[in-house]
Amino acid sequence: MDLYEVKFEPDQRKIQVRAGTTLLDAARRAKVPIRTRCDGKASCLMCKVEMGQPTGLMPPNKQEVLKLGSLVHSGIRLACQARVNGNTTVIVPEDPLKAAIRKQLARKEQEDDLF
Ligand code: FES
């Protein structure tokens, strides 16, 4: 069976997986955290990822198209539904809680620099 490389940005973690593996499974094996609430049932929409280059994924399935609507045409996929079919790069969005903490720390640093 064919093996393909999936690269996760911005962590730059890579893993080789078999064709047909979901991005969520690949991410778990590569120890890249992708948030989920429905555990891969295409209902929480928390596992959205952005496609990079190359984009070696199977076309979105009916459920993914239904859930993502027009987002599917702007390079957004559901990690739990998107299946690998070639070498792929995926951009995983930053966890919203981590992003909020990072922004707050940056703001505090700026304030400290003023005094
Ligand atoms: S894990 Fe919930 S939609 Fe993908």
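The values are calculated or read from the model by the stated rules, or taken from the named source; none is laboratory data. Bear in mind the structure is a predicted one, so any value in this text is a computation, not a measurement. Positions of Cβ are generated from backbone atoms using ideal geometry, with glycine treated the same way; all protein chains shown enter the neighbour counts. Remember, those area values only see protein heavy atoms, side chains included, never the ligands or the DNA or RNA. Shrake-Rupley method; radii C 1.70, N 1.55, O 1.52, S 1.80 Å.
Which numbered condition trips up Ile15, out of (1) open to solvent by less than 80 Å² (accessible area, probe 1.4 Å); (2) outside any strand (DSSP E or B); (3) out of contact with any Cys (no Cβ under 9 Å at 6 or more places or on another chain); (4) under 16 Å from Val92 (Cβ atoms)?
(2)
Go through the stretch 70-90 and count every residue that is more than 14 Å from the ligand (Cβ to nearest atom) and surrounded by 14 or more Cβ atoms within 10 Å (Cβ to Cβ).
Residues meeting the conditions: 6.
Would you mind telling me which numbered condition in (1) within 19 Å of Asp11 (Cβ to Cβ); (2) more than 16 Å from the ligand (Cβ to nearest atom); (3) charged (D, E, K, R) Arg107 fails?
Among (1) within 19 Å of Asp11 (Cβ to Cβ); (2) more than 16 Å from the ligand (Cβ to nearest atom); (3) charged (D, E, K, R), Arg107 violates only (1).
So how many residues does the stretch 55-64 have that are open to solvent by less than 80 Å² (accessible area, probe 1.4 Å) and more than 20 Å from Met1 (Cα to Cα)?
Selection size over the stretch 55-64: 3.
Taking the stated definitions as given, is Lys67 open to solvent by 70 Å² or more (accessible area, probe 1.4 Å) and either touching a helix residue (DSSP H, G or I) at 6+ places or on another chain (Cβ under 7 Å) or part of a loop (DSSP other than H, G, I, E, B) (or both)?
Answer is no for this residue.
Among the residues of the stretch 36-58, is any free of Cβ contacts under 8 Å to residues at least 24 places away in the same chain and away from the ligand (no atom under 16 Å from the Cβ)?
No: zero hits.
Against the definition (within 15 Å of Asn87 (Cα to Cα) and either within 14 Å of the chain's Cα centre (by Cα) or within 13 Å of the ligand (Cβ to nearest atom) (or both)), how does Gln63 come out, yes or no?
Judged against the criteria, Gln63 is not a match.
Exactly one condition in (1) among the acidic types (Asp, Glu); (2) open to solvent by less than 80 Å² (accessible area, probe 1.4 Å); (3) assigned to a helix (DSSP H, G or I) is not met by Glu5; state its number.
The number of the failed condition is (3).
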